[in-house]
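A.B. asks: Sharing a structure below in structure tokens format, with a few things to ask.
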Amino acid sequence: MSAAPTTPVPRRPREGAVRKPVLYVIASLGLLVMATPFLWMALSAFKTKKDLTASPPVWLPSEWTLQNFRDLLDQLDMPQYFLNSLIVAVLVTVCNLLFCSMLGYALAKLNFTGRSKVFGIVLAALMVPANLMVLPLFVLVSQLNLLDTYAGLVLPFAAGAFGVFLMRQFMQAIPDELLEAARMDGAGEWYIFWRIVLPLVKPALATLTIFTFLGSWNNFIWPLIATNDPEKYTLPVALATFANDPNRTVGGGNGMLMAGSLLVVLPVLVVFAVLQRHFTQGIATAGLK
């Protein structure tokens, strides 16, 4: 007596095939929410006064114009403010890359008395809110007569605890045997650091560059209290001063603020675009460190 034919059980769709579209939708919605303010700012920079004061608000300009940028350049010394921000951000970034990588190398690969204590101080510094350091830094910079100078804007942020921690964690993944082999060949510590270690931690350097440049470029509180001379204003301080100016017109003033904000954002986007490959590589390999 032959067995009754069995009905084939339908296969369930793979869990990943269902999960991926859902994740894509969620990620797209999140991207839309985060990008909406930036898109509004970028489009408003090219709007006329009529579009800026329209009710209800309009997204796309009815007439594209560069008048906001022209008015901004006429009323504010934007090249000088841009140069100030660029000088400060570049110097702070270079100093952090140099000093944080040097200290990170020492904490990760050199044996010296008190190394664990120094690393404990770095961890403790990470827990201190940045706003609590503003008053002591101001008193110190004031006593050194560095107010209204580039040095006063750069030196307090020439090295950061986060950068030291980041570089130390990445450099710990470098095999000690590689460095010992270089020492046996007669290489000095500076040669090892510069020619062997730094090329191996490019993702960490790119990550530190992006975070440091972004933080310094957008820094507002410290340049505001450390500069009284308008010639030393950075872009965020200059735009905030202009925003609080009662003499600016409402519609045109808002358009100039949007144009200035767009100019502030563009350099950060350029830096991220240039270092994006190394940055994403650092994120992808972070779990392997």
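We did not get these values from a lab; they are worked out from the coordinates using the rules stated. Nothing here was measured: the structure is a model prediction, and the numbers come from that model. Note that we place each Cβ from the backbone using ideal geometry, even for glycine, and neighbour counts take in every protein chain shown.
A.B. asks: Evaluate the relative contact order of the chain (contact order divided by residue number), counting alpha-carbon pairs under 8 angstrom at least 6 apart; express in whole percent.
C.D. replies: Averaging sequence separation for qualifying contacts and normalising by length gives 29 percent for the chain.
A.B. asks: What's the local net charge at Pro61, with K and R +1, D and E -1, over the other residues with C-beta under 15 Å away?
C.D. replies: That works out to +1.
A.B. asks: Can you list the equivalent-ellipsoid semi-axes of region 10-150, largest first and in whole Å, using the square root of 5 times each Cα gyration tensor eigenvalue?
C.D. replies: Over the Cα atoms of region 10-150, the semi-axes work out to 42, 35, 14 Å.
A.B. asks: Could you tell me the calculated FRET efficiency between Leu144 and Asp74, based on Cβ-Cβ distance and R0 = 41 angstrom, to the nearest 0.05?
C.D. replies: About 0.65, to the nearest 0.05.
A.B. asks: Separate question: Between Leu135, Leu91, Leu146, where does the largest GNM mean-square fluctuation fall for the chain, given springs only between Cα atoms within less than 10 Å?
C.D. replies: Highest fluctuation among the options: Leu135.
A.B. asks: Can you give the longest run of the chain that contains no chymotrypsin sites (Phe, Trp or Tyr not before Pro) sitting in a DSSP loop with at most 16 other Cβ atoms inside 10 Å?
C.D. replies: In short, 113-219.
A.B. asks: Go ahead and set up a Gaussian network model of the chain, Cα springs under 10 Å, then flag whichever of Val154, Val201, Val25 fluctuates most.
C.D. replies: Highest fluctuation of the listed residues: Val25.
A.B. asks: A further question follows. Could you check which residue among Pro21, Pro37, Pro56 shows the biggest mean-square fluctuation in a GNM of the chain with a 10 Å Cα cutoff?
C.D. replies: Checking each option, the largest mean-square fluctuation is seen for Pro21.
A.B. asks: Counting each DSSP H run of 4 or more residues in the chain as -39500 (n - 2.57), what helix-only mean residue ellipticity at 222 nm follows after dividing by all residues, to the nearest 500 deg cm²/dmol?
C.D. replies: -21500 deg cm²/dmol
A.B. asks: Taking the alpha-carbon set of region 76-244, what are its Rg and Dmax in Å?
C.D. replies: Just the Cα atoms of region 76-244 yield Rg and Dmax of 18.6, 63 Å.
A.B. asks: Ok, one more. Read through the labelled values (1) 1.38; (2) 1.17; (3) 1.00 and report the label of the one computed as Cα Rg over 2.2 N^0.38 Å from the structure.
C.D. replies: (1)
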